[in-house]
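Notes to accompany the following structure.
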Ligand code: GLN
């Protein structure tokens, strides 16, 4: 693979970006550059051409509160055809919290206000208990290549998400709430698309997940399996150890 390059499509950075979600872009970028993979970041927001979505080798959208979600829905449903195509073509994508909710059928807020969803993935979000699910979270992921390691992060959401029977979760809760208070599911995993409640940002806390996305992006773009050069993740490892051994009560 000569001069590999990844184009990151950052969806609505000006609206969808809470609890440090933009850190995921920084981490992905630096882990690529360190390995000689060039990176271009394109912001896709109100006023962008919908076709920009299909220029991306990796798509990212962070979380937000309900008001921003409504604004974004109004714009993104006009671009839906392209986002759906990207998901179906296995373009890797990470969608956090409010963004994850937007991929589903609908979201009913704590005030009972319905926010429409893009209906790209079979899931829906309601707010049955009118309480927020907040705190540190640990997940055993369904991603085959990462089964030997726990995914960690931080959740803060009012919406509780339920997957249709044919949808696979991103993982199973070890600690925290995840999708809802009823089943053990966290997030959704469809083709190379992950929807999750994990802020953190998730990539800084789980560098191997970032690398999984980089490898998938290169595979889809260049058609070759890639073995990424290992990086010195000593500090990340120590931070993870600390997180996993501390008392979260
Ligand atoms: N507005 C959504 C909720 O509270 C999403 C919140 C978020 O993205 N952090 O459920």
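Would you check if residue 41 is modelled with pLDDT of 95 or more and over 21 Å from residue 155 (Cα atoms)? Break it down stepwise before answering.
On the way: modelled with pLDDT of 95 or more: yes; over 21 Å from residue 155 (Cα atoms): yes.
Considered against the rule, which asks whether it is modelled with pLDDT of 95 or more and over 21 Å from residue 155 (Cα atoms), residue 41 comes out as yes.
Filtering the stretch 178-204 down to residues that are assigned to a loop (DSSP other than H, G, I, E, B) and away from the ligand (no atom under 16 Å from the Cβ), which residue is surrounded by the most Cβ atoms within 10 Å (Cβ to Cβ)? Don't jump to the end; show me each part of the working.
First pass over the stretch 178-204, keeping only residues assigned to a loop (DSSP other than H, G, I, E, B): 178-184, 187, 191-192, 197-198, 200-201.
With the extra rule that they be away from the ligand (no atom under 16 Å from the Cβ), the set shrinks to 183-184, 191-192.
On the way: 183: 15, 184: 15, 191: 15, 192: 22.
Here the residue is 192.
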When you go through (1) over 15 Å from the mean Cα position of the chain (by Cα); (2) surrounded by fewer than 17 Cβ atoms within 10 Å (Cβ to Cβ); (3) under 17 Å from residue 7 (Cβ atoms) one by one for residue 84, which number turns out not to apply? (3)
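Listed residues 90, 119, 111; which is within 16 Å of the chain's Cα centre (by Cα) and in a loop (DSSP other than H, G, I, E, B)? Reasoning before the result, please.
Working: 119 fails: within 16 Å of the chain's Cα centre (by Cα); 111 fails: within 16 Å of the chain's Cα centre (by Cα).
When all the criteria are applied, what remains is 90.
Results for (1) under 18 Å from residue 208 (Cβ atoms); (2) touching a residue at least 12 places away in the same chain (Cβ under 8 Å), shown as yes or no for each residue.
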| residue | (1), (2) |
| --- | --- |
| 106 | no, yes |
| 137 | yes, yes |
| 148 | yes, no |
| 160 | no, yes |
Of everything in the stretch 54-70 that's closer than 22 Å to residue 25 by Cα and not in a loop (DSSP other than H, G, I, E, B), which residue is nearest to the ligand (Cβ to nearest atom)? 69
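Could you tell me which residue of the stretch 108-126 is nearest to the ligand (Cβ to nearest atom), considering only residues that are closer than 12 Å to residue 160 by Cα and at pLDDT 90 or above? Break it down into steps so the answer makes sense when it comes.
Of the stretch 108-126, the ones closer than 12 Å to residue 160 by Cα are 108-110, 123-126.
Add one more test, that the residue is at pLDDT 90 or above, and what stays is 108, 123-126.
Values: 108: 10, 123: 13, 124: 12, 125: 7, 126: 10 Å.
Checked the stretch 108-126; the qualifying residue nearest to the ligand (Cβ to nearest atom) is 125.
Just wondering, is there one or more residues in the stretch 81-92 that are closer than 18 Å to residue 185 by Cα and in contact with a helix residue (DSSP H, G or I) (Cβ under 7 Å, 6 or more places away or on another chain)?
Looking through the stretch 81-92, none of the residues is closer than 18 Å to residue 185 by Cα and in contact with a helix residue (DSSP H, G or I) (Cβ under 7 Å, 6 or more places away or on another chain).
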Considering only the stretch 162-171, I want to know if a residue exists there that is crowded, with 16+ Cβ neighbours inside 10 Å, at positive phi, within 16 Å of the ligand (Cβ to nearest atom) and modelled with pLDDT of 95 or more. no
Those residues of the stretch 214-242 which are closer than 21 Å to residue 62 by Cβ, in contact (Cβ under 8 Å) with a residue 60 or more places away in the chain and either surrounded by fewer than 20 Cβ atoms within 10 Å (Cβ to Cβ) or in contact with a strand residue (DSSP E or B) (Cβ under 6 Å, 6 or more places away or on another chain) (or both) amount to 217
How many residues, within the stretch 127-156, are within 12 Å of the ligand (Cβ to nearest atom), out of contact with any helix residue (DSSP H, G or I) (no Cβ under 8 Å at 6 or more places or on another chain) and part of a strand (DSSP E or B)? 5
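The values are calculated or read from the model by the stated rules, or taken from the named source; none is laboratory data. Keep in mind it's a predicted model, so treat the numbers as computed, not measured. Here the Cβ is made from the backbone with ideal geometry for all residues, glycine too, and neighbour counts use every protein chain on show.
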